[in-house]
Every structure is written in C-alpha cells, then in structure tokens.
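J.: Below is one structure. I have some questions about it.
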Amino acid sequence: MTAQQDRHQAPTGVSVTRVTRPEEAVELGMPTVRGDRSQALATPAFDEHRPPSQELLDDCVHCGFCLPTCPTYTLWGEEMDSPRGRIDLMRAGVEGAPLSASMVDHFDACLGCMACVTSCPSGVQYDRLIEQTRAQVERRVERPAGDRALRTMIFNLFPYPERLRVLRAPLRLAQRSGALRLVDRTGVVARLSPGLAAMQSLAPPLGPRVTVPARTPAVGERRAVVGMLTGCVQREFFGEVNAATARVLAAEGSDVVAPQEQGCCGALSVHTGREPEGMAFARRLIDTFTEAGVDHVVVNSAGCGSTMKDYVHLLADDPDYADRAREFGARVRDLSEILVELGPVAQRHPVSAHGRDVVVAYHDACHLRHAQKVVSQPRALLNGIPGVSLVEIPDGEICCGSAGVYNILNPEPATELGDRKAAAILRTGAELLVTANPGCLMQISRALERAGHKVPFVHTATVLDASLRGQTLL
C-alpha cells in the first residue's frame with residue numbers, strides 16, 4: 001500500500017514526512033531511535049517502563065468529539081494531529097512499530113492542553129497517555145543538535161529560581177534601557193534560533209523583585225494554615241502575584257506558610273517527558289511541605305497545580321513515596337478552590353475608579369479548566385467583586401498556545417494560537433483580562449501587543465487583592 005504523504009515543516013524546524021494513518025508509520029520506518037537504521041527498524045517504539053497503557057488506549061472509540069477542541073487539529077486539519085490520531089500512533093507503537101520521525105513530530109506537536117479530556121464522552125485519559133508517551137520519546141530519541149541545545153538551556157534555567165534570579169537583573173536593565181527592543185528589531189536572535197527569539201519576546205516587563213515572607217499571619221480569626229507554592233518563573237518574574245496571593249489568603253483567615261527552601265514542582269519536566277527529573281523535584285517538594293505541617297498546599301499557577309495533584313501517578317512505583325504522593329495530592333488546592341471552600345469574610349470593593357461596571361473577561365488556563373476541572377470557582381470569586389460584569393471568551397476551551405514551554409519549542413503554531421486567542425478576547429469588548437497562570441499571561445499579552453491592543457491583564461490573585469485593599473485597577 002502506498003503511503004499518502006504530505007511534506008510539512010515540523011514545529012522543531014526539521015522537515016519530516018507526516019502520515020495520515022498509523023500503519024503508515026510502520027511502512028515508512030523513519031528511525032530516530034539511537035543506533036543505525038537496521039537496529040531502529042527492529043526496535044519497538046516503546047520499552048517496558050510505563051509504555052502507553054493498552055487499557056487506556058482501548059477506551060478510545062474514535063467518536064471524534066475531541067477534534068473541534070484540539071488546537072493542532074484546528075490549525076492543520078490532519079488526523080494524526082488530533083488526540084485520536086495520536087492514540088492510533090501510540091497503539092501502533094505498543095504493537096511493535098518503531099518510532100519514526102513522523103510519529104515523534106506528531107507527539108511533539110501536541111500542546112498537552114487536555115481539552116480533549118474534557119470533551120471526550122468515553123472518559124479517555126489522554127493526559128496519562130501523552131505523558132507516558134513523551135517519557136518514552138525523551139528516553140529513546142536522539143533529537144537534532146539545535147533542539148537538544150535549546151532544551152538543555154530551558155531545563156537548566158527555568159526550574160531553578162536561583163538561576164532565574166541571576167538572569168533577572170541584566171534582563172530588567174536590557175528592558176529599561178531599550179536594548180532588548182533594539183536587539184529584537186534586528187532579527188538576529190530569530191535567525192539564530194526562533195525558540196530563543198520567542199523566549200526573549202515573552203519575557204514580562206520587570207519591576208523591583210518582590211518576595212513573600214516565610215509566614216504571613218491570618219487577619220482576624222485563623223480559619224486554616226496553608227502552605228504556598230512560590231514557583232520558579234512565578235517567584236522571580238511574577239513576585240507581585242505571589243505577594244498578592246499571600247495577602248488574599250491572610251485576609252480570608254489563613255496563616256500562609258511559604259517555605260524558603262522549596263524548589264520546583266517538576267511540572268515543566270513532567271509535561272515534556274523528563275520523567276526522572278520531574279520525580280526528583282516532586283520528592284523534594286513533598287518533603288518540604290510535609291515538614292511545614294500545613295492543612296493544604298495552595299498553588300496560583302495552573303500547570304504546577306495540575307502536576308502536584310497528579311504526583312500519585314508520577315510516583316506510583318516508588319515504594320517510599322507512593323502513599324505520601326497520594327496524601328500530598330489530596331491536599332493541593334488552586335487558589336480559587338481554597339477561597340471558595342473557605343468562603344468570603346473580607347469586604348470586597350470595586351476595582352474600577354469610573355463609578356460604573358467594568359467588563360471583565362476570564363481566560364481559563366488549560367491545566368486549570370481541563371486538567372483540574374476548576375471552572376466555576378474563579379468565576380464565582382470575580383462575580384463577588386462589586387461592579388464586575390463577567391463575560392465569556394468565544395472558543396474559550398481552545399489553548400492560547402503557551403502550554404508550558406511549547407511556545408518556545410514550537411513558536412510558529414504557538415504564535416498562531418495566541419493570535420486567535422487575542423482576536424477572540426478583543427471581540428468580547430473586555431476592559432480587564434484575568435487568568436490564573438503566568439504562562440498564559442505572557443503568551444496572550446504578547447499576542448495582544450501584536451494585534452495593536454494593550455488591554456490590562458492580571459492574575460486572579462491581583463484583582464482579588466486590589467478589591468480587598470480598596471485599590472483600583474482601571
């Protein structure tokens with residue numbers, strides 16, 4: 001049978017052959033596994049360590065409900081760039097097909113947004129499947145030198161707050177002096193590496209560094225003792241969001257414990273298949289918050305919260321941490337979850353100085369809406385602010401293209417998705433945008449700039465903090 005092929009530029013910048021049916025991956029046999037061609041063709045795609053679960057694969061009945069919610073299928077209209085198409089490729093790999101360049105391309109193109117999980121009537125756990133697959137790919141595939149270098153830089157920088165702190169001062173100076181804008185206009189970085197150019201453009205405007213104390217006492221009667229994840233990029237580039245989070249929790253009656261020794265939660269590593277690295281970060285974080293003795297661990301970054309709640313799967317085979325991971329995950333709460341659970345006690349004030357209702361659009365971060373199923377809570381909190389008129393964003397379930405480090409590793413499709421999201425937001429006529437994830441905030445802010453519109457865009461914690469303190473944002 002002749003494979004129907006479509007030459008397509010891969011997100012990594014490597015020209016590969018796309019396939020439209022899973023058996024074509026076997027026929028094409030395009031090896032990327034380490035070793036020579038004959039060895040690769042004889043090597044099944046997946047090893048015995050946590051391959052994609054056959055049981056989970058069999059849950060997919062190819063109904064197609066996932067197709068309109070999948071960002072890459074929406075962009076390209078290709079079956080193998082849909083969740084059910086990728087599941088077909090996983091199934092081919094489980095049945096013994098080798099990892100072809102085309103298969104890896106399709107897996108890499110997935111944003112991991114989990115919109116398909118929400119839309120699936122059969123309850124297919126695509127989130128588990130894609131993470132299992134990506135861990136296999138990272139172990140067994142030799143990537144091009146440029147891609148390896150970019151990934152090495154990302155994962156030797158982003159999960160380490162102390163390294164980001166070193167970068168922060170020169171980056172802020174470059175922003176304030178205009179040097180960064182000048183470099184961007186030359187296009188030199190984009191020619192050298194589109195991923196580096198994307199990273200540079202996404203950097204938020206930096207002010208003075210803001211930190212959170214190790215303990216923030218509750219205002220009034222203490223209702224809970226909560227730990228707070230300060231994060232990595234969040235800690236160094238969005239410190240004011242962490243400070244607002246601590247103030248809001250304290251105002252609602254929580255002692256807030258933010259262990260100064262805490263590290264990365266492992267989300268970026270886990271979502272890109274770097275399983276051993278993610279597991280090491282997870283163990284350390286569990287140890288840190290167990291010693292802190294808190295009732296709950298509160299997270300203000302959607303991707304981080306999603307991973308922390310799923311430590312039970314990540315560490316399921318670790319005899320020393322499996323039970324601890326289950327108990328830890330049960331205590332993790334998104335900021336909006338814990339605030340709704342506690343119920344409001346502090347007085348809210350309008351956030352607009354104009355004496356009229358302000359139109360607010362809330363952007364659902366994928367790992368909050370689809371992975372954690374936290375949808376109503378942030379809306380309830382925003383509706384509780386006097387003078388807020390909340391509007392929904394059209395096609396709100398479609399990812400903005402941020403997806404952890406996807407917008408750095410795959411800048412072209414990420415940019416197109418960001419521009420689509422910006423256009424949808426602008427159609428709402430919103431005067432203020434709110435989200436619960438730093439990655440989304442950076443991605444959409446940049447897209448709005450490209451569209452020529454600067455709409456104030458803040459974290460949920462920021463708007464709640466302003467309301468509780470009687471400050472205005474507009």
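J.: Among the lysines, select those whose C-alpha is under 22 Å from the C-alpha of Lys373, and discard any that sit fewer than 8 residues away in the same chain.
T.: Once the sequence-local lysines are set aside, what remains near Lys373 is Lys309, Lys421.
J.: Give me the mean projected area, in nm² to one decimal, of the convex hull enclosing the Cα positions of segment 323-474.
T.: Numbers: hull surface 39.6 nm².
Seen from a random direction, the Cα hull of segment 323-474 projects 9.9 nm² on average.
J.: Write down the accessible area per residue of segment 211-329 in Å², having rolled a 1.4 Å probe over the full set of protein chains.
T.: Computed with neighbouring chains in place, this is 35 Å² per residue.
J.: Between Gly227 and residues 5 or more places away or on another chain, which pairs have amide H atoms under 5 Å apart, with H built 1.01 Å from N, and which residues are they?
T.: Excluding prolines and chain starts, which carry no amide H, the hits are Val257, Asp295, His296, Val297, Val298.
J.: Just to confirm my numbers, what's the Cα centroid distance between segment 240-291 and segment 415-429 in Å?
T.: 31 Å
J.: Compute the length gained on full extension between Leu167 and Arg469: take 0.36 nm times their separation in residues and subtract their Cα-Cα distance, giving the result in nm to one decimal.
T.: Gain in length upon complete extension: 105.5 nm.
J.: Do the sum for the chain: with -39,500 (n - 2.57) for every DSSP H run of n ≥ 4, divided by all residues, what is the mean residue ellipticity at 222 nm, to the nearest 500 deg cm²/dmol?
T.: On the way: 27 runs with 241 residues, N = 474.
Value at 222 nm, helices only, nearest 500: -14500 deg cm²/dmol.
J.: State the answer as a single residue: which of Leu390, Pro68, Ile286 lies farthest towards the positive end of the charge dipole of the chain, with beta carbon charges of +1 for Lys and Arg and -1 for Asp and Glu, about the Cα centre.
T.: Leu390
J.: Provide the per residue accessible area, probe 1.4 Å, for segment 407-474, rounded to a whole number of square angstrom.
T.: 36 Å²
J.: Between Leu75 and Gln260, what is the label-point separation in nm under the 7 Å Cα-to-beta-carbon projection?
T.: So the label points at Gln260 and Leu75 sit 4.3 nm apart.
J.: For the chain, what's the relative contact order in percent, using C-alpha pairs closer than 8 Å and at least 6 residues apart?
T.: Rounded, it is 14 percent for the chain.
J.: Work out the FRET efficiency for Ala423 and Lys373 from their Cβ-Cβ distance, taking R0 = 25 Å, and round it to the nearest 0.05. Don't jump to the answer; show the numbers that get you there.
T.: On the way: r = 27 Å, r/R0 = 1.08.
Result of the calculation: an efficiency of 0.40.
J.: May I pose another question? Against the 2.2 N^0.38 Å scaling, with N counting residues, where does segment 87-232 land? I'd like the Cα-based Rg ratio to two decimal places.
T.: My calculation over the Cα atoms of segment 87-232 gives 1.46.
J.: Angle between the Cα long axis of helix 438-450 and the longest principal axis of the chain, 0 to 90 degrees, nearest 10?
T.: With rounding to tens, the tilt is 90 degrees.
J.: Same structure, new question: Where does the chain land on Rg(C-alpha)/(2.2 N^0.38 Å)?
T.: Compactness ratio reported: 0.98.
J.: Carbon and sulfur atoms: what percent of the 1.4 Å accessible area of the chain do they account for?
T.: That share works out to 54 percent.
J.: Quick one: compute a quarter of the convex hull surface over the Cα atoms of segment 410-474 and quote it in nm².
T.: Over every viewing direction, the Cα hull of segment 410-474 projects on average to 4.5 nm².
J.: Starting from the Kirkwood Rh over alpha-carbon pairs, what translational D in µm² s⁻¹ does segment 169-324 have by Stokes-Einstein at 25 °C and 0.890 mPa s?
T.: The diffusion coefficient I find is 140 µm²/s.
The values are calculated or read from the model by the stated rules, or taken from the named source; none is laboratory data. Note that the coordinates shown come from a computational prediction; the quantities given were computed from them, not determined experimentally. FYI the Cβ positions are ideal-geometry reconstructions off the backbone, even for glycines, and counts take in every protein chain you see. Side chains included, ligands, DNA and RNA excluded: accessible areas come from the protein's heavy atoms. Shrake-Rupley method; radii C 1.70, N 1.55, O 1.52, S 1.80 Å.
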